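One structure is given below, encoded as structure tokens.
Nothing in this text is a laboratory measurement; each read-out follows from the coordinates by a stated rule. This one's a predicted model, so the numbers in the text were calculated from it and none came from an experiment. Because the Cβ atoms are built from the backbone with ideal geometry, glycine has one as well, and the counts that use them run over all protein chains shown.
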């Protein structure tokens, strides 16, 4: 097992901040999201004001940083994420990358707009195990249009070693009126 790192401390602080603010896994109610930009929604999740996605617990990952057109997720692979070959399943990498890509797009959306992943391309270049330690996916928007947005992300370890990279195309749309 790798020693506790600065990244581990940062992730623990992010989770503590989120849960100390009352955050739990779940889904936000429509009225909780009303009037908030995509970035404000993510920041409210990070502070515990809004529930965070349940997939965060399942995949052992957390949102660490939010900026305009950029987010950082951190995950630590565990034995429960293994495939039959004895390494971390590709779906774990894809989930971490898809979260970073989509949330990077979310940061540029005004209130009343949302997105969904239309295309996801993942390249895993190095295997991981429960001994790998924390990995970070940094997602950055490439293009943010009215109907389509694209982003790229990389998963690296604390030393900068690349594990996977991905791109996405997201469909951007107006949220339907309540009803």
Selection from the stretch 157-179 of residues that are touching a strand residue (DSSP E or B) at 6+ places or on another chain (Cβ under 9 Å) and under 30 Å from residue 113 (Cβ atoms): 164, 165, 166, 167, 168, 169, 170, 171, 172, 173, 174, 175
Residue satisfying all of: in the stretch 68-99; out of contact with any helix residue (DSSP H, G or I) (no Cβ under 8 Å at 6 or more places or on another chain) and more than 15 Å from residue 165 (Cα to Cα); surrounded by the most Cβ atoms within 10 Å (Cβ to Cβ) among these: 87
With a cut-off of at least 3 residues that are in contact with a strand residue (DSSP E or B) (Cβ under 7 Å, 6 or more places away or on another chain), in contact (Cβ under 8 Å) with a residue 12 or more places away in the chain and closer than 20 Å to residue 70 by Cβ, name the helices (runs of 4 or more DSSP H) lying wholly within the stretch 3-55. 6-20, 38-47
Subset tally (residues that are at positive phi and in a strand (DSSP E or B)) for the stretch 157-170: 0
I need the strands (runs of 3 or more DSSP E) fully contained in the stretch 59-156, keeping only those with at least 1 residues that are within 12 Å of the chain's Cα centre (by Cα). 61-67, 70-75, 135-144
Complete set of residues in the stretch 100-117 that are over 18 Å from residue 14 (Cβ atoms) and either in contact with a strand residue (DSSP E or B) (Cβ under 8 Å, 6 or more places away or on another chain) or crowded, with 16+ Cβ neighbours inside 10 Å (or both): 101, 102, 105, 108, 109, 112, 113, 114, 115, 116, 117
